[in-house]
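Beneath this line is the structure, given in structure tokens, with notes to follow.
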Amino acid sequence: MTEIVLIGNGGHSKVIQAMIERTDEYVLRGILDDSIEKYTETNGVFYDNSNTIEDYKGNYSFVVAIGDNETRKNVIEKSTLTDNDFVSVLDTTSIISPDVQIGVGTVIMPGAVVNPGAKIGKHSIINTRAVVEHDNTIDDFVHISPGATLAGTVTVKEATHVGAGSTVIPNTTIHQNTVIGAGSVVTHDIQHNSVVVGVPAKVIKRRS
Ligand SMILES: CC(C)(COP(=O)(O)OP(=O)(O)OC[C@H]1O[C@@H](n2cnc3c(N)ncnc32)[C@H](O)[C@@H]1OP(=O)(O)O)[C@@H](O)C(=O)NCCC(=O)NCCS
């Protein structure tokens, strides 16, 4: 049984906590968050401030349970945790083809489907009921939101956020640090640092 400490205690963390409870494969041992002022313990789970990450290193496997890509990335890069310290959590109700490669720290959430030939990087989120079709390549620190559908052979580059309920047509690349607005349909490649919305998705602003 993998003993897990989650970093982050917001809404996204709550869903991961429920995922951990549903299986004997993992057990939740602790939660670290900026908002926790002093150490407490409830039902075998400790709560501590996130500045204490290093104190727990080596004893537990970590997941950074923060939905925002930039914040998640900053927390990981600021810490001294290495790949060996992280674990991926795959919900029991997700359907993941056996050949799929999944990086450390990635979470695959309830009802998500990940089909053959897909590769998912580190510290990414495949959220509730998202569909990652065959031969997709998803980089590190990506968030595929609830109900989004990536058709076959889509590439999503680092730190991109695909919004809830959006659709990406086959053979498309979404470059890094981009945001796809909720409900959008992406019909062509999207440049890095873009914010796009609508059907078909069009750029409304640039990110720094
Ligand atoms: C695209 C998005 C990032 C834009 O946020 P923002 O930078 O704060 O932009 P604004 O809210 O100021 O909107 C700018 C314009 O785009 C429009 N717009 C925003 N999101 C849109 C969307 N998803 N589809 C269509 N139009 C959208 C707004 O109506 C506004 O239009 P206006 O100028 O004519 O009034 C955000 O609206 C969004 O869709 N985020 C995805 C959220 C999500 O799926 N989260 C899942 C978490 S699990």
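The values are calculated or read from the model by the stated rules, or taken from the named source; none is laboratory data. Just so we're clear, the structure is a prediction, and the values are computed from it rather than from any experiment. Here the Cβ positions follow ideal geometry from the backbone for every residue, glycine too, while neighbour counts run over all protein chains shown.
Computed quantities for the displayed model
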read-out	value
Scan of the stretch 69-102 for residues that are closer than 20 Å to Glu3 by Cβ and small (Gly, Ala, Ser), ordered by number	Ser79, Ser88
Residues (more than 14 Å from the ligand (Cβ to nearest atom) and either surrounded by fewer than 17 Cβ atoms within 10 Å (Cβ to Cβ) or within 15 Å of the chain's Cα centre (by Cα) (or both)) located in the stretch 160-172	Ile169, Pro170, Asn171
Test result for Gly117, touching a residue at least 24 places away in the same chain (Cβ under 8 Å) and more than 16 Å from the ligand (Cβ to nearest atom)	no
Of all residues in the stretch 182-192 being within 22 Å of Ile120 (Cβ to Cβ) and not aliphatic (A, V, I, L, M), the one that is farthest from the ligand (Cβ to nearest atom)	Asp189
Index of the failed condition, Ile96 passing every other in (1) without any contact (Cβ under 8 Å) to a residue 24 or more places away in the chain; (2) more than 25 Å from Ala159 (Cβ to Cβ)	(2)
Any chance Val203 is at pLDDT 95 or above and within 12 Å of the ligand (Cβ to nearest atom)	yes
Subset of the stretch 147-170 (residues that are in contact with an Asp or Glu (Cβ under 9 Å, 6 or more places away or on another chain) and assigned to a loop (DSSP other than H, G, I, E, B))	Ala151, Gly152, Thr153, Val154, Lys157, Glu158, Ala159, Thr160, Pro170
Where Asn51 falls short, out of the listed (1) within 23 Å of the chain's Cα centre (by Cα); (2) modelled with pLDDT of 95 or more	(2)
Residue, nearest to Thr149 (Cα to Cα), within the stretch 115-132, restricted to residues that are in a strand (DSSP E or B) and of a type in the set (A, V, I, L, M)	Val131
Single match in Asp48, Asp33, Asp91, Asp24 (criterion: in contact (Cβ under 8 Å) with a residue 60 or more places away in the chain, not assigned by TED's automatic domain parsing to the domain that holds Asn177 and not polar (S, T, N, Q))	Asp91
Selection status of Val104, within 25 Å of Gly152 (Cα to Cα), surrounded by fewer than 21 Cβ atoms within 10 Å (Cβ to Cβ) and not polar (S, T, N, Q)	yes
Lone qualifier among Pro116, Pro98 - being assigned by TED's automatic domain parsing to the domain that holds Leu150 and at pLDDT 95 or above	Pro116
Flag for Val64 being outside the structural domain of His161 (by TED's automatic domain parsing) and hydrophobic (A, V, I, L, M, F, W, C)	yes
Complete set of residues in the stretch 140-151 that are away from the ligand (no atom under 16 Å from the Cβ) and touching a residue at least 24 places away in the same chain (Cβ under 8 Å)	Asp140
